[in-house]
1. Considering only helices (runs of 4 or more DSSP H) fully contained in the stretch B:415-477, which possess at least 2 residues that are among the aliphatic types (A, V, I, L, M)?
2. Checking B:Asn298 against (1) under 21 Å from the mean Cα position of the chain (by Cα); (2) over 24 Å from B:Cys370 (Cβ atoms); (3) surrounded by fewer than 22 Cβ atoms within 10 Å (Cβ to Cβ), which test does it fail?
3. Could we say that A:Arg52 is without any contact (Cβ under 8 Å) to a residue 12 or more places away in the chain and either open to solvent by 10 Å² or more (accessible area, probe 1.4 Å) or at the interface with chain B (Cβ under 10 Å from one of its Cβ atoms) (or both) here?
4. Would you please list the contacts, defined by Cβ atoms under 7 Å and residues six or more apart or on different chains, that run from a residue in the stretch B:182-200 that is part of a helix (DSSP H, G or I) to a residue that is at pLDDT 95 or above and among the aromatic types (Phe, Trp, Tyr)?
5. Mind checking which pairs have a first residue in the stretch B:120-133 that is within 26 Å of B:Gly345 (Cα to Cα) and a second that is aliphatic (A, V, I, L, M) and not in a helix (DSSP H, G or I), Cβ under 6 Å, 6 or more apart or different chains?
6. Out of all the residues in the stretch A:197-238, which are surrounded by fewer than 19 Cβ atoms within 10 Å (Cβ to Cβ) and under 19 Å from the mean Cα position of the chain (by Cα)?
7. Given (1) assigned to a loop (DSSP other than H, G, I, E, B); (2) surrounded by fewer than 24 Cβ atoms within 10 Å (Cβ to Cβ); (3) under 25 Å from the mean Cα position of the chain (by Cα), identify the lone condition not met by B:Trp88.
8. From B:Asp473, B:Asp382, B:Asp453, grab the single residue that is of a type in the set (Asp, Glu), in contact (Cβ under 8 Å) with a residue 60 or more places away in the chain and out of contact with any strand residue (DSSP E or B) (no Cβ under 6 Å at 6 or more places or on another chain).
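The values are calculated or read from the model by the stated rules, or taken from the named source; none is laboratory data. Source: prediction; values computed, not measured. Cβ: placed from backbone, ideal geometry, glycine included. Neighbour counts: every protein chain shown. Remember, those area values only see protein heavy atoms, side chains included, never the ligands or the DNA or RNA. Shrake-Rupley method; radii C 1.70, N 1.55, O 1.52, S 1.80 Å.
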Amino acid sequence: MRIALFVTCLNDTMFPGTGQAVVRLLRRLGHEVEFPSAQTCCGQMHFNTGYRKQVLPLVRNFAETFAPYEAVVTPSASCAAMIRDWHPRLDDAARDTAAKVHELTEFLVDVLGVTDVGAYYPHRVTYHPTCHSLRMLGLGDRPLRLLREVRGLELVELPDAAECCGFGGTFALKNPAVSAAMGADKAARVRRTGADALCAADNSCLMHIGGVLTRTAGPAVRTVHLAEILASTEEDPS
Amino acid sequence: MTMPTYLGMPAFPRAARAAVADERLRDNLARATGTIRDRRRAAVAELDDWAALREAGRRIKDHTLRYLDHYLRLLEEKVTAAGGTVHWARDAAEANRIVADLIRATGRTEVVKVKSMATQEIGLNEALEKEGITAYETDLAELIVQLGDDRPSHILVPAIHRNRSEIRDIFRRRMPDAPPDLSDEPAELAEAARRHLRAKFLSAQVAVSGVNFAVAETGTLVVLESEGNGRMCLTLPKTLISVMGIEKVVPTWRDLEVFLQLLPRSSTAERMNPYTSAWTGVTPGDGPQEFHLVLLDNGRTSVLADEVGRQALRCIRCSACLNVCPVYARAGGHAYGSPYPGPIGAILSPQIRGIGSPVDASLPYASSLCGACLEACPVAIDIPEVLVHLRAKVVEEGPRHPLAGTAMAAAGWTLRSPRRLALAQRLASASRRLIGRRGRIRRLPGPLRAWTDSRDAPAPPPESFRAWWKRTDGGRA
């Protein structure tokens with residue numbers, strides 16, 4: 001199986017460690033991934049903000065770049081949802097490629113059929129199901145099933161987990177007061193779990209919650225992408 | 001005039017900022033929406049066939065909207081045959097004119113009202129006041145809003161932003177027959193309102209109502225309410241005038257049955273609605289002897305012409321989307337600048353009024369697109385989809401935002417080319433020492449300040465993923 005990594009523009013630019021974790025994890029499971037360097041962005045930011053003219057070239061570039069591969073894996077539920085839900089509606093030629101896109105936990109559980117990926121992460125961890133992973137992509141309990149198999153990891157439940165953290169893409173800039181209020185409530189609930197790490201399937205939301213966590217007073221909680229927990233081992237910890 | 005934009009209403013973000021800073025308001029809202037949200041979830045979970053009911057509701061509404069001209073003419077025919085009179089109103093001004101003239105013809109200057117979104121939408125009370133006619137709201141929460149010279153902030157619970165001590169203060173101040181020692185016990189407050197309203201019901205000769213559903217096959221109008229005030233208004237006065245948005249028609253009683261299940265569970269989390277009143281024209285010797293139905297378009301026909309936006313017309317005004325919305329819970333209803341707050345308001349108001357005013361152009365952006373509204377909607381309105389659709393309209397036709405437009409164009413230009421993206425990443429990485437401290441940025445310039453005003457930003461990494469991949473051959477080197 002020829003597997004391509006769609007790292008996403010945000011991870012590429014700001015969170016390379018997440019992309020590296022996906023490569024390391026899949027390699028450990030016996031799969032080489034390729035990184036087609038023509039990739040850029042799925043177009044979600046422009047699409048969701050109403051800048052439609054900017055979107056189509058990005059959709060086309062995505063479809064052309066990833067067409068040769070049998071599977072495309074991405075460590076972002078939000079981008080996966082944008083591609084699968086919207087690319088075919090924006091450009092019919094993008095249909096086949098879009099159908100091959102899997103968010104990382106989908107790829108592990110549904111395609112590779114694994115939940116125990118041999119990870120080790122000795123921390124108290126809580127999981128925030130991001131809105132697009134929950135309500136657009138329908139990841140269900142896949143991330144939790146993967147986390148429960150991680151050795152050393154103590155999983156604690158996040159109260160009101162399904163409530164939005166307030167990131168919302170450009171919403172965070174266009175409605176900063178409401179966005180920050182939502183983020184503060186989410187961060188407070190994260191702190192109350194006593195977790196020392198918060199994980200999710202999207203670095204965008206983690207960047208927002210993490211930014212509130214480091215700005216506000218309270219015990220330190222690190223934000224870490226799910227992929228980095230799953231890639232972590234005793235010999236090579238994240 | 002379509003729907004009055006509250007005078008001088010600022011764009012949503014500004015109004016919302018003030019609401020977020022009001023801790024009592026946030027507390028009232030969080031408490032009230034939290035309670036109703038949990039109860040709704042339980043009420044919906046009781047039904048095994050909720051998904052099928054929801055699908056049926058969606059289909060019935062879509063079918064009716066597709067053949068709206070037919071069903072409206074059928075409704076008119078049946079209402080007329082049953083002794084009612086049907087009036088067609090193109091917009092708010094026309095509807096207000098019709099209602100005012102009908103009231104004046106009775107020789108009365110006071111009317112009692114059943115809570116109605118359509119009459120809020122057209123600003124009927126204010127229009128009647130200009131004609132020397134006083135309208136008394138009889139729904140408890142509407143009464144609180146009216147006595148407080150306030151605006152509704154929720155579709156179902158218009159006074160949701162008030163707690164009981166605020167309500168006691170309003171009653172003491174503005175309700176002439178309220179006991180001077182009135183406490184803030186809910187039962188006492190309700191009793192005071194009941195006595196106050198009873199006098200109005202017994203003396204009123206004219207009532208104005210909205211309509212939840214109109215059954216075309218028999219010309220029957222249906223109103224759902226919880227307090228019995230509606231039943232009083234619909235049966236005691238001699239003249240009844242009902243104002244109905246044209247999308248409220250359903251073809252048959254069988255169709256109505258679906259909504260009588262969907263609406264109570266979604267709005268009040270009840271299995272069955274407490275007071276469901278249905279009437280067909282006039283019945284000699286029983287109830288109002290004169291009945292007028294005002295069919296209100298007010299922009300709905302143009303909403304219907306929009307293939308994406310038209311699904312908003314399925315709305316049955318249950319408020320489930322408000323109660324699950326994290327933005328509504330923090331911004332409150334007033335920030336939406338219209339009688340329709342929350343997610344449904346964010347897609348209805350800009351469609352009915354257009355995107356010309358600051359508040360209407362900002363409403364499509366008053367959402368994090370979290371999708372909780374779609375999940376809760378009993379007629380499956382894809383509110384996020386309509387929001388994004390309206391955002392595209394705002395960008396193309398709305399007020400210009402040169403700064404945002406330039407930034408988005410520059411981002412688009414960068415992202416269209418992997419080489420330009422790589423260059424931008426190198427520049428970002430080079431700046432990390434200048435702006436970041438221990439991997440965090442506490443203050444960003446320009447529009448990005450909106451981010452760092454309330455949260456840190458991560459500093460760019462020493463190298464991007466693509467630079468790492470190239471340098472290490474994907475970690476193999």
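1. Once the helices (runs of 4 or more DSSP H) in the stretch B:415-477 are filtered for at least 2 residues that are among the aliphatic types (A, V, I, L, M), what remains is B:418-435.
2. So B:Asn298 meets the others, but not (3).
3. yes
4. B:Leu189/B:Phe171; B:Ala192/B:Phe171; B:Lys200/B:Tyr136
5. Filtered contacts from the stretch B:120-133: B:Glu121/B:Met3; B:Asn125/B:Ala135; B:Leu128/B:Ala135.
6. Result: A:Arg222, single match.
7. B:Trp88 satisfies all of (1) assigned to a loop (DSSP other than H, G, I, E, B); (2) surrounded by fewer than 24 Cβ atoms within 10 Å (Cβ to Cβ); (3) under 25 Å from the mean Cα position of the chain (by Cα) except (1).
8. On the way: B:Asp473 fails: in contact (Cβ under 8 Å) with a residue 60 or more places away in the chain; B:Asp453 fails: in contact (Cβ under 8 Å) with a residue 60 or more places away in the chain.
Only one candidate qualifies: B:Asp382.
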